[in-house]
Amino acid sequence: MFMVCGEALMDVFSAGDSTEGVALDARVGGSPFNVARGLARLGREVGFLSAVSTDFLGERLMRALREEGVDTRWIARLNAPTTLSLVGLDESGAPAYAFHGTGCADRLLQPQHLRELPAGVRALHFGSYAMVVEPSASTLRALAAAERGRRLIAYDPNVRLNVEPDLARWRETVEGMARQADLIKVSDEDLSLLYPNRPPQAVADAWLAAGCALVVVTRGAEGALAFRRGERLQVQAPATVVVDTVGAGDTFQAALLSALGDCDALSAATLAALERPRLEQALRFAARAAALTCSRRGADLPRAAELR
């Protein structure tokens, strides 16, 4: 079983002008929320650990999880609003986000909201702004530290400066998680924000030295790079007609975790020992899944049957 930890929100897209203003199209979202649904769509047993509002948008988020078969027993329901993320797309389909989330439920997760994890949980994935805003940040980072060595710890920074503009805070979190995580997946855009003057190899080497077993850098149409100690791999992205890239990184992470599960590589030791051809196969599977998400609007992650 996988457990995904982090925020859930509503992505709100412009649907064109209305008579009196702008029509909006609100869709369930949030990076960790997407990863959880992505794993479920790939046939994995998965739970979601978060705080979700009791408002009508929170109810819609809960229904979306249940409809996909995501276990919701680790979600705290709070009387606080649901975060809204306004999403605008540029000419290439790349998203720009404006967050409205101060005081919202997904930031308010605290230790008393946590329930014991069952023995069957083999991997925990942590991600995005829930790891840098309080009190959720302290709660989730303490959970990662407590589970280090017991289960695979995966992490995707998914930097959102609209939520937390202080890059030093993001770097502190990323470097702390590099000491806890066995797998870090990061986009090249995030690396350029975090470490503008350092090549990916240098950043990956530092994270590997801190204790991480595998670092993966996604590069959009350029595919992905992967680093283990003394080893560098590269896979190409499949050619695709891009509608937008919303959810592509989340799709990559969900598919990579699923593929590593197939390889029985859900620990630091097994990640380090996984044969290179099998790791390349897992990375190609993740790239193919991400390309499929890019071919349609929003974070519409693929199902297992679409990738066979």
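The values are calculated or read from the model by the stated rules, or taken from the named source; none is laboratory data. The model shown is predicted, which means the values in this text are computed figures rather than measured ones. As a convention, Cβ positions derive from the backbone with ideal geometry for all residues, glycine included, and neighbour counts pool all protein chains shown.
The table for this structure:
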read-out: Residues of region 221-280 satisfying the condition of being modelled with pLDDT of 95 or more and of a type in the set (Val, Ile, Thr); value: VAL235, THR251, THR270
read-out: Selected residue [hydrophobic (A, V, I, L, M, F, W, C) and without any contact (Cβ under 8 Å) to a residue 24 or more places away in the chain] from ALA272, ALA305; value: ALA305
read-out: Test: ALA202 is small (Gly, Ala, Ser), assigned to a helix (DSSP H, G or I) and under 24 Å from ALA221 (Cβ atoms); value: yes
read-out: In region 262-275, the residues that are out of contact with any strand residue (DSSP E or B) (no Cβ under 8 Å at 6 or more places or on another chain), surrounded by 15 or more Cβ atoms within 10 Å (Cβ to Cβ) and of a type in the set (Gly, Ala, Ser); value: ALA265
read-out: Number of positions in region 111-165 that are charged (D, E, K, R), surrounded by 14 or more Cβ atoms within 10 Å (Cβ to Cβ) and within 26 Å of LEU86 (Cα to Cα); value: 3
read-out: Among the candidates ALA210, ALA237, ALA226, ALA204, residue that is in contact with a helix residue (DSSP H, G or I) (Cβ under 7 Å, 6 or more places away or on another chain), surrounded by 15 or more Cβ atoms within 10 Å (Cβ to Cβ), of a type in the set (A, V, I, L, M, F, W, C) and closer than 15 Å to ASP156 by Cα; value: ALA226
read-out: Residue in region 222-244 that is nearest to ARG148 (Cα to Cα), counting only those that are part of a loop (DSSP other than H, G, I, E, B) and without any contact (Cβ under 8 Å) to a residue 60 or more places away in the chain; value: ARG229
read-out: Selection within region 1-29 - part of a loop (DSSP other than H, G, I, E, B) and either of a type in the set (Phe, Trp, Tyr) or at pLDDT 95 or above (or both); value: MET1, GLY6, GLU7, ALA8
read-out: Near pairs, Cβ below 8 angstrom, 6+ apart or cross-chain, from region 248-269 (without any contact (Cβ under 8 Å) to a residue 24 or more places away in the chain) to any residue that is basic (Lys, Arg) and outside any loop (DSSP other than H, G, I, E, B); value: CYS263/ARG278; ALA265/ARG278
read-out: Residue count for region 40-56, restricted to those that are under 15 Å from ALA76 (Cα atoms) and either crowded, with 21+ Cβ neighbours inside 10 Å or among the hydroxyl-bearing types (Ser, Thr, Tyr) (or both); value: 8
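Residues checked against (1) closer than 25 Å to ASP156 by Cα; (2) touching a Lys or Arg at 6+ places or on another chain (Cβ under 8 Å); (3) of a type in the set (D, E, K, R):
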{"site": "MET1", "(1), (2), (3)": "yes, yes, no"}
{"site": "GLU7", "(1), (2), (3)": "yes, yes, yes"}
{"site": "PHE13", "(1), (2), (3)": "yes, yes, no"}
{"site": "ASP25", "(1), (2), (3)": "no, no, yes"}
{"site": "GLY29", "(1), (2), (3)": "yes, no, no"}
{"site": "GLY38", "(1), (2), (3)": "yes, no, no"}
{"site": "SER53", "(1), (2), (3)": "yes, yes, no"}
{"site": "LEU61", "(1), (2), (3)": "yes, no, no"}
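Yes or no, residue by residue, for (1) part of a loop (DSSP other than H, G, I, E, B); (2) surrounded by fewer than 19 Cβ atoms within 10 Å (Cβ to Cβ); (3) not acidic (Asp, Glu):
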site: VAL246; (1), (2), (3): yes, no, yes
site: ALA254; (1), (2), (3): no, no, yes
site: LEU257; (1), (2), (3): no, no, yes
site: LEU260; (1), (2), (3): no, no, yes
site: PRO277; (1), (2), (3): no, yes, yes
site: ARG284; (1), (2), (3): no, yes, yes
